[in-house]
1. Can you tell which of 53, 141, 87 shows the greatest fluctuation in a Gaussian network model of the chain with Cα springs below 10 Å?
2. At 222 nm, what helix-only mean residue ellipticity would the chain give, in deg cm²/dmol to the nearest 500, using -39500 (n - 2.57) for each DSSP H run of four or more?
3. Rounded, prolate or oblate for the range 112-218? Axes are the square roots of the Cα gyration tensor eigenvalues, ordered a ≥ b ≥ c, and the cut-off for rounded is a/c under 1.5.
4. ³J(HN,Hα) across the range 60-66 via Karplus (A = 6.51, B = -1.76, C = 1.60, θ = phi - 60°), whole Hz, x for Gly/Pro?
5. Tally Lys and Arg at +1 and Asp and Glu at -1 over the other residues with C-beta under 10 Å from the C-beta of residue 134: what net charge comes out?
6. Could you tell me whether the range 59-137 comes out rounded, prolate or oblate from its Cα gyration tensor? Rule is a ≥ b ≥ c as square roots of the eigenvalues, rounded for a/c under 1.5, then prolate if a/b exceeds b/c, otherwise oblate.
7. Which label belongs to the value computed from this structure, given these candidates for Kirkwood radius over Cα pairs in Å: (i) 18.5; (ii) 17.0; (iii) 19.0?
8. Can you give me the angle between helix 160-171 and the longest principal axis of the chain, using Cα atoms only, in degrees from 0 to 90, rounded to the nearest 10?
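Derivation of every value follows stated rules applied to the coordinates shown; laboratory data play no part. None of these values were measured; they are calculated from a predicted model. Backbone-built Cβ (ideal geometry, glycine too); neighbour counts: all protein chains shown.
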Amino acid sequence: MSDRPKNGKSNGSNGAGSYDAHDEAEAEAAAVPPAPLPPPPDRVAELCAACMRFVASKYKVSLDGTPDTLSLLDQYVRDAREAARERPESLELVAPAIGAYLGEVMRQAFRGEWWAEGDYDGWRLYFTNVYLAFNPIGVAREAITMTEAEGWGAHLALDPGEREEIEARLAAMPDVDEEEYYLPTTRLDVVTAVVETLRARAEAAGTGDVTFTKDDYQ
């Protein structure tokens, strides 16, 4: 885990004028957008491209990598459920593509790093601004089968000290039926709630500038 120290220094003389200037400088710094994330690993990029091809071929509409497109991915998941019932082997082709796309949308939205080596069940998406990790491909398998994917890391890995607060936050969310529970948009809503709760907790504790790397999750 790495810390980025805050710049607590101010320029100029003491007094209200310098304080105001310092506040303005901090506000301007906060308004600067974060640096763009690096591209995903090649294997993730290839699967994302496959997902985009699958959806475009079926619906003649293109995914663009933004959260707004997940409603279209929801429909693709619904159709994939029916296909998997008829041809169970299709799960092994479609789930990795859906999971990679969903994971990359979340990585871009919340900032994170991929671990995408070896078999798919070992893949993980690690968040960098909060302590949170899971396997998006496991999430995709659950979305299609509507059952828990044992051994696929689909659950949210959290700091044990934060789990109780997160469970309370998720328990307060509106109930959804089983069909909707596993859909990509619902999973995005869940992750959004978790990230917002963890960020608020960190800011309140004065640790909002702490970042995490993959090494912190080992």
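1. Residue with maximal mean-square fluctuation among 53, 141, 87: 87.
2. Computed ellipticity for the chain at 222 nm equals -18000 deg cm²/dmol.
3. It comes out oblate by the Cα gyration axes.
4. Once rounded to whole Hz, the list reads 6, 10, 9, 6, 10, x, 9.
5. Counting the neighbours of residue 134, the net charge comes to +2.
6. oblate
7. Computed from the coordinates, Kirkwood radius over Cα pairs in Å corresponds to (iii).
8. Taking the Cα atoms of the chain, the angle to 160-171 is about 60 degrees.
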